[in-house]
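Please read the structure below before turning to the comments.
The values are calculated or read from the model by the stated rules, or taken from the named source; none is laboratory data. As the structure is a prediction and not an experimental result, all values here were calculated from the model. With ideal geometry, Cβ positions are generated from the backbone for all residues, glycine too; neighbour counts draw on all protein chains shown.
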């Protein structure tokens, strides 16, 4: 659907001595029809600049932009305006006309495209209903909440039935609850209308909730690309691992780990393994106690990812029901804990020993 081929974007920095800054450096991406594709990175990574090359709001210094099989890189004038009608865009700060009603803001793209008044009167109520604002047609932006303003922006962006919707940090100006509602709306629009969505964000939580595939940008380059599940579950680049670690937030204080008797593990379960009873099986089979100190199981798409911090310690034989006692209990406590750790390694995706007493 969208192909970016070796895209570079350079800006001239004016000062005592003019220099050139490369905001995007030889990026190639293939975004499939009908998917929600995320581009994530910190401020200054080049993600907004790259997004704006898709509708040529930023012209690449080098490389080609292809949309639906057509090379649009060199389009100008009426041909470019016609192409942009097929590409909707929503912005971080809404970009609404404050002296126009919700109806007129939503109708703006239709009027620019030369639609008749009869078409506008029919289409605008449809899109306001789609975004949940059918009762706000005569309201002005100053009378709306932030989430409602973004819904108007979405209505305006999809009014012309575009094939592509570009989302430039669409939730960063919103609170958490409103952000979640906007992401659900975008997901619904993608599923109902089949619109290809390209979304950029500096928040991994946003990417995790809505995107099927992700590109990670740093310093103007794409340093990693893959499914959202793989990016979160098994990140390859150090920078990506840092972003994911901040999102999962499963660290526990060092002083707490140091003072806990026993062996402390960080255990990653992916897919079906996240729903298995591995820890319970280890406790029963090897005569150890397993205490969950911290963790979560969540779903990215329809695939489970579980990440737990657990403590393993010796379990006195007398506390175990006789029918569960096996020959393994005759071994030393240390051997039982070591055997349990090995069992967990064999049945989990990834195990890291944080501390061992």
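Among the residues of the range 54-70, what is the count of those that are under 23 Å from residue 194 (Cβ atoms) and either touching a strand residue (DSSP E or B) at 6+ places or on another chain (Cβ under 9 Å) or in a loop (DSSP other than H, G, I, E, B) (or both)? So that I can check it myself, show each step before the final result.
Here is the first cut: in the range 54-70, the ones under 23 Å from residue 194 (Cβ atoms) are 54-55, 65-70.
Then keep just the ones that are either touching a strand residue (DSSP E or B) at 6+ places or on another chain (Cβ under 9 Å) or in a loop (DSSP other than H, G, I, E, B) (or both); that gives 54-55, 65-69.
Qualifying residue count, the range 54-70: 7.
Collect the residues in the range 90-102 that are surrounded by fewer than 23 Cβ atoms within 10 Å (Cβ to Cβ) and within 29 Å of residue 1 (Cα to Cα), keeping them in residue-number order.
Of all residues in the range 90-102, those surrounded by fewer than 23 Cβ atoms within 10 Å (Cβ to Cβ) come to 91-101.
Result: 91, 92, 93, 94, 95, 96.
Condition check ((1) surrounded by fewer than 19 Cβ atoms within 10 Å (Cβ to Cβ); (2) more than 13 Å from the chain's Cα centre (by Cα); (3) in the same structural domain as residue 54 (by TED's automatic domain parsing)) across all residues:
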| position | (1), (2), (3) |
| --- | --- |
| 183 | no, no, yes |
| 188 | yes, yes, yes |
| 198 | no, no, yes |
| 201 | no, no, yes |
| 206 | no, no, yes |
| 213 | no, no, yes |
| 219 | yes, yes, yes |
| 222 | no, yes, yes |
Exercise. For the range 120-146, enumerate the residues that are over 32 Å from the mean Cα position of the chain (by Cα) and within 24 Å of residue 188 (Cβ to Cβ).
Key: 120, 122, 139
Quiz prompt | Top-ranked residue of the range 122-158 - restricted to ones that are farther than 12 Å from residue 102 by Cα and in contact with a strand residue (DSSP E or B) (Cβ under 8 Å, 6 or more places away or on another chain), ranked as surrounded by the fewest Cβ atoms within 10 Å (Cβ to Cβ) | solution = 158
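Do you know which residues across the range 71-93 are in a strand (DSSP E or B) and within 28 Å of residue 106 (Cβ to Cβ)? First the steps, then the outcome.
Step one: filter the range 71-93 for residues in a strand (DSSP E or B), giving 71, 87-90.
The answer is 87, 88, 89, 90.
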Practice problem: State yes or no: is residue 87 assigned by TED's automatic domain parsing to the domain that holds residue 52, in contact (Cβ under 8 Å) with a residue 60 or more places away in the chain and surrounded by 14 or more Cβ atoms within 10 Å (Cβ to Cβ)? | Solution: yes
Quiz prompt | Single condition residue 58 does not satisfy, out of (1) buried (at least 18 other Cβ atoms within 10 Å of the Cβ); (2) over 25 Å from the mean Cα position of the chain (by Cα) | solution = (2)
Quiz item: Just checking, which of 22, 115 is more than 29 Å from residue 210 (Cβ to Cβ), modelled with pLDDT under 95 and assigned to a loop (DSSP other than H, G, I, E, B)?
Solution: 115
Practice problem: Select the helices (runs of 4 or more DSSP H) contained entirely in the range 141-252, then report the ones holding at least 2 residues which are in contact with a helix residue (DSSP H, G or I) (Cβ under 7 Å, 6 or more places away or on another chain) and within 30 Å of residue 310 (Cβ to Cβ). | Solution: 204-210, 228-233, 238-248
Quiz item: What is the number of the single condition among (1) in contact with a strand residue (DSSP E or B) (Cβ under 7 Å, 6 or more places away or on another chain); (2) modelled with pLDDT under 95; (3) under 29 Å from residue 238 (Cα atoms) that residue 91 does not meet?
Solution: (3)
